[in-house]
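Here is the structure we will look at, set down as structure tokens.
The values are calculated or read from the model by the stated rules, or taken from the named source; none is laboratory data. Everything quoted here is computed from the prediction, not taken from an experiment. We place every Cβ from the backbone using ideal geometry, glycine too, and count neighbours over all the protein chains shown.
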Amino acid sequence: MQKYRPTASETGIPVLKIKELRQGCCDDNSELCSPNIKSEYIIHDGDVIFSWSGSLLVDFWCGGICGLNQHLFKVMSNKHDKWFYYVWTKHHLDRFIAVAADKATTMGHIKRDELSKAEVLIPNKADYKRIGALLQPIYDLIIANRIENKKLAETRDTLLPKLMSGEIDISEVDYE
């Protein structure tokens, strides 16, 4: 994303790096990129992100719109549902971590060759629908809860200083 810094007339969007993925959000220290990057490099809430270098992990991103940095993949499929490719990426994660640990480099990583070796079993349509009916609502709820938690934390962080300074008076509030 270093090549895609926001111009003076643009409001930049945060760059999603491994640090942000691990902490689940971008912050004031996150780098910014142009919002006019290719759409496939824009990350949205609920996207499945896989860190293939350094700290290998896979998770649902729920930290708002941002730009995808190197060392991260946005996992997606035109054929299969999000729950399916999330579960399979998560399934292979321990093996990917072991492969990365065996590398004689300072920062372990996996190569596309290792990804191509990862086998996926595709169930018949009836089982796929049955499993999806169980898992998709759970993952949707996880994503919705994370987004709601982020909004609640932002509200808290906005209101708390105002309450502490006396800018907002709650002495007349009826708590019952």
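Structure summary
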| item | result |
| --- | --- |
| Residue match in the stretch 98-106 (condition: surrounded by 11 or more Cβ atoms within 10 Å (Cβ to Cβ), within 18 Å of R22 (Cβ to Cβ) and not charged (D, E, K, R)) | yes |
| Any hit, the stretch 119-136, residues being surrounded by fewer than 10 Cβ atoms within 10 Å (Cβ to Cβ), in a helix (DSSP H, G or I) and of a type in the set (K, R) | yes |
| Residue under evaluation I110, criteria (1) buried (at least 19 other Cβ atoms within 10 Å of the Cβ); (2) under 25 Å from K3 (Cα atoms); (3) modelled with pLDDT of 90 or more, criterion not met | (3) |
| Cβ-Cβ under 6 Å pairs, at least 6 apart or on other chains, the stretch 120-133 side free of Cβ contacts under 8 Å to residues at least 40 places away in the same chain, far side surrounded by 11 or more Cβ atoms within 10 Å (Cβ to Cβ) | V120/W88 |
| Whichever residue in the stretch 137-176 is in a helix (DSSP H, G or I) and polar (S, T, N, Q) and, among such residues, is surrounded by the most Cβ atoms within 10 Å (Cβ to Cβ) | N149 |
| Any hit, the stretch 51-69, residues being within 25 Å of N36 (Cβ to Cβ), over 11 Å from the mean Cα position of the chain (by Cα) and either of a type in the set (S, T, Y) or in a loop (DSSP other than H, G, I, E, B) (or both) | yes |
| Enumeration of residues in the stretch 28-50 that are assigned to a loop (DSSP other than H, G, I, E, B), touching a residue at least 12 places away in the same chain (Cβ under 8 Å) and not polar (S, T, N, Q) | E31, P35, I37, H44, D45, G46, D47 |
| Failed item, numbered, when V99 is tested on (1) out of contact with any helix residue (DSSP H, G or I) (no Cβ under 7 Å at 6 or more places or on another chain); (2) over 19 Å from S77 (Cβ atoms) | (1) |
| Some residue of the stretch 70-86 being among the basic types (K, R), touching a helix residue (DSSP H, G or I) at 6+ places or on another chain (Cβ under 8 Å) and either in contact (Cβ under 8 Å) with a residue 12 or more places away in the chain or more than 30 Å from E31 (Cβ to Cβ) (or both) | yes |
| Selection from the stretch 32-52 of residues that are more than 22 Å from D140 (Cα to Cα) and crowded, with 18+ Cβ neighbours inside 10 Å | L32, C33, W52 |
| Candidate set: the stretch 1-27, residues that are in a loop (DSSP other than H, G, I, E, B) and acidic (D, E); chosen: the one farthest from S55 (Cα to Cα) | E10 |
